Amino acid sequence: MRRVGPAAAAVATAVVSTPVLAAPASAATYRYDCRRLPGNGSYSHPLALGNVTGRTVVAVNCPPLTSGAGYANRYFSFTLTRPARVPSCAGASFALSAGQRSAVNPSLSRGPYTVMHTGAGLWTYNRSGVANGRHLPLGPLPGGGVLAAGTYRLDLQKLDSPLRSLSTPWFNVVVAVS
């Protein structure tokens, strides 16, 4: 497993550990209640995070993803008005427990094309070494470069089988773009 860089790890840890985020001096942080975002979370009507260039957008208190048709994925959209800079990331922060062992796994697409599959996700960990997030790097990208300007769909999904876990924990969506 790869670990995410210090800047993204700090954002992810702050989201899970405290109710208030400490934003980098160069960027503003916007917090939204996940359940009040426009959209319904489906593929064709994702929950809209808006423009995120030069800021961190956090959607807090997203309900768990559960086993069963239609409940194992939730989609979010965001728009970059310019290319992402290094470091930038998008994904989910969560707190795993003995009863909720299924992580929230991100993938990223633009229109019908997948830009990054969940396999490119980087894990974050709390100080005890327990996984507390999964994020995709937007800058630098795994193959080099940065994510171009445009509108993207972030798919957060539950990958564990129903026999291992029926649900993910509640989670926060983080899109941090410098």
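Backbone geometry of the stretch 102-119 corresponds, through the Karplus equation with coefficients 6.51, -1.76 and 1.60 at θ = phi - 60°, to 3J(HN,Hα) couplings of 8, 6, 8, 10, x, 9, 10, 9, 10, x, x, 9, 7, 8, 9, 7, 4, x Hz, x marking Gly and Pro. If the chain linking ARG82 and VAL130 were pulled fully straight, counting 0.36 nm for each residue of separation and taking away their Cα-Cα distance, it would gain 13.8 nm.
Using the average count of surrounding beta-carbon atoms within 10 Å as a protection proxy, the listed peptides 149-156, 44-51 rank, highest first, as 149-156, 44-51.
Modelled label positions at ASN73 and ALA48, each set 7 Å beyond Cα in the direction of Cβ, lie 2.1 nm from each other. Close amide-amide hydrogen proximity is noted between GLY54 and VAL177, SER178, each under 5 Å apart and 5 or more residues distant or on a separate chain (H modeled in the peptide plane; Pro and chain starts excluded).
Every number here is computed from the coordinates shown, using simple stated rules; none is lab data. The structure displayed is predicted, hence computed values, not measured ones. So basically every Cβ, Gly included, is an ideal-geometry build from the backbone, and we count neighbours across all protein chains shown.
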